[in-house]
Amino acid sequence: MVLLIAPGVNGQDEAAKDSPRDQFQALVSEFQRAQRDLSKAYRAAKTKDEQLGFRRQMSTIGVDFTPRFLKLAKGHPSDPVAVEALSWIVTSASRFGGREAGQALELLAGNHIDDERLGPVSERLRLSNLREAPAFLETVLEKSPHRNVRGQACYSLACQLKKSGARVPGNQQRAEKLYERVVAEYADVPARTGTLGTAAGAELFETRSLGIGKVAPDIVGNDLDGVKFKLSDYRGKVVVIDFWGDW
């Protein structure tokens with residue numbers, strides 16, 4: 001009886017291993033093992049040159065895995081794991097590089113625009129150098145049915161445009177309008193710290209009040225002798241302001 005049943009059980013196990021979810025988990029586990037192996041080799045290295053070699057490998061380790069995650073997502077486009085595989089590629093691109101990130105963003109926007117998990121993806125793209133990031137964020141902002149996802153896309157797109165504002169005419173103004181839109185439409189959407197409204201308000205204050213050539217906001221405080229003063233008292237004089245903390 002055992003011999004007759006065992007092949008059937010093994011067959012079920014093999015089928016389970018071939019499911020999209022298990023394929024994804026297997027890839028993630030393989031990647032994590034590769035990271036651990038490199039870290040172990042780095043710690044065991046006896047020379048600085050050997051350490052440098054392992055560090056270079058660590059900085060590009062994801063490049064060998066992104067094509068495999070992309071293949072998984074393309075092979076199972078309607079499975080929920082496809083979004084996770086594509087998100088892994090986008091996140092990995094900012095750390096390890098890889099040419100598949102653009103395709104991943106196109107697939108996310110084209111096939112999964114209704115998925116609420118595009119919110120975290122949009123959040124990760126705030127400071128990304130991916131060429132396709134702004135177009136992806138614009139699509140998500142326009143087409144996502146989820147308000148919180150649109151809010152994340154709006155804020156991240158503003159950050160992208162602000163970053164390129166110095167070299168691309170008009171982007172600074174576009175960024176300000178998007179920050180204003182965040183405050184008006186998505187202020188209560190949770191952010192990493194606080195809300196998107198608070199974050200966007202801080203960006204607007206910085207842009208409008210703290211730029212080079214702007215009049216510094218007034219500061220009121222006590223000097224080292226406990227005497228109250230205002231920054232505006234020194235208007236017309238050269239002043240060095242040193243912000244520091246003890247933490």
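The values are calculated or read from the model by the stated rules, or taken from the named source; none is laboratory data. Every value quoted in this text rests on a predicted model; they were computed, and no experiment measured them. So basically every Cβ, Gly included, is an ideal-geometry build from the backbone, and we count neighbours across all protein chains shown.
Details
This table checks each residue for (1) part of a helix (DSSP H, G or I); (2) more than 27 Å from LEU86 (Cβ to Cβ); (3) not hydrophobic (A, V, I, L, M, F, W, C).
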{"residue": "ALA158", "(1), (2), (3)": "yes, no, no"}
{"residue": "LEU161", "(1), (2), (3)": "yes, no, no"}
{"residue": "GLU176", "(1), (2), (3)": "yes, yes, yes"}
{"residue": "ALA184", "(1), (2), (3)": "yes, yes, no"}
{"residue": "GLY213", "(1), (2), (3)": "no, yes, yes"}
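- Being in the same structural domain as LEU178 (by TED's automatic domain parsing), in contact (Cβ under 8 Å) with a residue 24 or more places away in the chain and either of a type outside the set (S, T, N, Q) or in contact with a Pro (Cβ under 6 Å, 6 or more places away or on another chain) (or both) holds for only one residue in GLY119, GLY98, and it is GLY119.
- ARG56, sole failed condition from (1) assigned to a helix (DSSP H, G or I); (2) at pLDDT 95 or above; (3) surrounded by fewer than 21 Cβ atoms within 10 Å (Cβ to Cβ): (2)
- Inside the range 113-124, residues that are hydrophobic (A, V, I, L, M, F, W, C), under 10 Å from the mean Cα position of the chain (by Cα) and either under 17 Å from ARG99 (Cβ atoms) or surrounded by fewer than 22 Cβ atoms within 10 Å (Cβ to Cβ) (or both) make up a count of 0.
- Residues (more than 20 Å from GLU138 (Cα to Cα) and of a type in the set (A, V, I, L, M)) located in the range 70-122: LEU70, LEU72, ALA73, VAL81, ALA82, ALA85
- Checked against (1) in the same structural domain as LEU38 (by TED's automatic domain parsing); (2) closer than 17 Å to ALA175 by Cα, PRO134 passes all but a single condition, namely (1).
- Residue in the range 125-146 that is surrounded by the fewest Cβ atoms within 10 Å (Cβ to Cβ), counting only those that are in a helix (DSSP H, G or I) and among the acidic types (Asp, Glu): GLU142
- In this structure, ARG68 does not satisfy being more than 30 Å from SER19 (Cα to Cα) and among the charged types (D, E, K, R).
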